[in-house]
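Accompanying notes for the structure given below.
Throughout, read-outs are computed from the coordinates displayed, never taken from laboratory work. In this text the structure is predicted, and so the values were computed from the model without any measurement. So basically every Cβ, Gly included, is an ideal-geometry build from the backbone, and we count neighbours across all protein chains shown.
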Amino acid sequence: MHIGIICNSDECIPLAYTLANQGLQLCIFFSPPPDNYICEKVTKLLEVARIPYTTEKDPKKDVYDWMEKERPPVIFVLGYKYLLDVKKIGALNITAFNIHYGALPAFRGPVPVFWQLKQGQPSLEISIHRLSAKFDDGEIVWKKETPNMPYYNYSYVHQLFSRLCIEGVQFILQVMRSQLPLPGIQEKNKKSEYYKRPQLTDVMINWQMMTAEEICNLARACNPWNKGAQTFFNKQEVKFMDAVVVHTPVSDVAGTILQDDERLLVACADGKMINVNMLYTGDFFVPAYHAAAWGFLRGKIFG
């Protein structure tokens, strides 16, 4: 079976390698991201694996020219920022699916992993749906949940989902080979929400409102792409890359540093503390056991 993959990051590599190793014929359409390292990595790995690819230059026409040339009966989209024209795709008799790193329809939008982690969802979900005329709005044909572990962060979840999606793609291909209809998954009692890319207010710690757990969730959701959850200290920007909840009750003002030696303990609005393990400030990383040397002293307040 001839299979097309449209992608814009190195997260397509596990899927491409797996399908190629199974002897399937692949063609890749790569929309290069701003990160030159990622571009070089993807193209080099595809060349080593001898998987043919086309690099996008004109987003208005190149992807459709590629479809016209390759004519794969099925396409999987894994990260592509432009809305594809389903009428043009249908006219070429191509069946197209989108791999979405979030629960649908509850977490539509370009960065569902961030929002699922920030909200502290008990489980994280990956979905594959038919491509439609709206972003993340087609019929769901496969999904998988995984527990939201306390050590997960934004980047790790993306790596995890880039491997979990292989299971869904293989399921879809097997059903198509059998010439059976793909069963649609009806998500009842789930509200449809569309989340945009996070803005500054979405990554800032609100010391007056956020609980200790919410701050820790935000740190994981912002690690490593934003280098952590954002706050201020002595009018300078500081980010918490990693923190855990300490359930010992306190009554100090939220944001107050309670301990600054081997641990950096900070009071939160819900009467709990967080143990901040790693900070980012001044373009370098500061481990908690060195925080006092950089002025993060007991009694001082973040925010």
- For n ≥ 4 DSSP H runs only, could you compute -39500 (n - 2.57) per run for the chain, divide by its residues and tell me the 222 nm figure to the nearest 500? -8000 deg cm²/dmol
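Suppose R0 equals 45 Å; then what is the FRET efficiency for LYS191 and ASP261 from their Cβ-Cβ distance, rounded to the nearest 0.05?
0.45
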- Taking every DSSP bridge whose two residues both lie in segment 2-177, the antiparallel percent to the nearest 5 is 40 percent
- Query: Under the Cβ-under-4.7 Å rule, which cysteines of the chain stay unpaired?
  - Reply: CYS27, CYS39, CYS165, CYS216, CYS222, CYS268
- Task: Name the residues whose placed amide hydrogens come within less than 5 Å of the amide hydrogen of GLY109, ignoring near sequence neighbours (fewer than 5 apart) on the same chain.
- Result: TYR195
- Item | THR201 paired with ASP85, simple spin-label distance in nm, labels 7 Å along Cα-to-beta-carbon | 3.7 nm
- Magnitude of the Cβ-charge dipole (Lys and Arg +1, Asp and Glu -1) of the chain about the Cα centre, nearest 20 debye, reported as 580 debye
- Placing +1 on each Lys and Arg Cβ and -1 on each Asp and Glu Cβ in the chain, then taking the dipole about the Cα centre, the residue among THR248, LEU104, ALA91 whose Cα reaches farthest towards the positive end is ALA91
- List SER123, SER132, SER9 from most exposed to least, where exposure is judged by having the fewest other Cβ atoms within 10 Å. SER123, SER132, SER9
- Considering only ILE257, ILE99, ILE128, give the residue with the highest GNM mean-square fluctuation for the chain, with springs between Cα atoms whenever their separation is below 10 Å. ILE257
- Item | Positive-pole candidate from LEU264, GLY23, ILE205, dipole of the chain, charges at beta carbon | GLY23
- Task: Would you order THR231, THR18 from fewest to most other beta-carbon atoms within 10 Å of each residue's own beta-carbon?
- Result: THR18, THR231
- In what sequence do LEU173, LEU180 fall when counting other Cβ within 10 Å, fewest first? LEU180, LEU173
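Which pairs, out of LYS239/LYS300; LYS60/LYS87; LYS118/LYS191; LYS57/LYS144; LYS41/LYS81; LYS143/LYS191, put more than 22 Å between their alpha-carbon atoms?
Going by Cα-Cα distance, LYS57/LYS144 fall outside the 22 Å limit.
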- Take the Cβ-Cβ distance between MET176 and ASP62 as r, set R0 to 25 Å, and report the resulting FRET efficiency rounded to the nearest 0.05. 0.45
- Message: Would segment 116-265 count as rounded, prolate or oblate if I go by the C-alpha gyration tensor, calling it rounded below 1.5 in a/c and otherwise prolate when a/b exceeds b/c, oblate otherwise?
- Response: prolate
- Note on the structure: Read-out Cα Rg over 2.2 N^0.38 Å, candidates (i) 1.64; (ii) 0.95; (iii) 1.16; calculated match is (iii)
- By how many nm would the segment from ASN36 to ASP252 grow when fully extended, if each residue of separation counts as 0.36 nm and the alpha-carbon distance is taken off? 73.1 nm
